[in-house]
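This report concerns only the one structure given below.
A short reminder: the numbers here are calculations on the coordinates, not readings from a lab. Model, not experiment: these values are computed from the prediction. Here Cβ is always computed from backbone atoms with ideal geometry, including for glycine, and neighbour counts include all displayed protein chains.
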Amino acid sequence: MRYFVACLAVLAGLAFGGTAQASSHTRVYESLNVQPLLHNQLNAMDANRPAIVALAEKLLPTDTEVVALRHFIIAQRRACMGGVVPAFYAGMEGSPFHLCTHAFLAGTQALLKRLELVAGHRLDVQVLSEQVKMDLLADGAGPVCVNSATSFNTDTIHGVDWPDLKHPSRSTLVVVFGFVFLFVVVHFRRRRLQAAQ
């Protein structure tokens, strides 16, 4: 039921939420530039994000750059609907989640680089770095998307780039119905898994 309600909320946002895609938040943490993340690196960073964030919190809880990047990742991921959209869809060029997904995963990459710079002598950091490298190699080279050259800043949070439903194009309708379809699929899949347990 909550997934159906979420669908309705999303559609309401599509219809009335406008097309704003970025907003500034009050800066409490250090302002940092975040380097771009290539399109073929999205999956590897998404898969290893929990481990990268957890290790950074454990080893460098007071490092100013780590703190700024952690809060950027949290705020940016929340603005991107908390990762509720499957990565394969969010990462598709033309998806309204494309830019915001690049943003929080670029922050994840920056957090890993900070870990390697400050604590790269530790075995746990080395193991994690090697795991990420292996995942990147497994993904191989991929197409360069429009956001592969987009850099970010921890002062700016990018939201979902909702399409304008007042004058919908064919591609806009595909995105909307595709999004609703994904919510329905995820909902029934989870219900089936719960029933099987």
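Quick notes
- Cβ-derived FRET efficiency at R0 25 Å, A141 paired with N33, nearest 0.05: 0.45
- Once backbone amide H atoms are built at 1.01 Å from N, N153 has V34 as its partners under 5 Å, excluding neighbours fewer than 5 places away on the same chain.
- Under the simplified labelling scheme, the M92-A149 pair shows an inter-label distance of 2.5 nm, with each label point 7 Å from Cα along Cα→Cβ.
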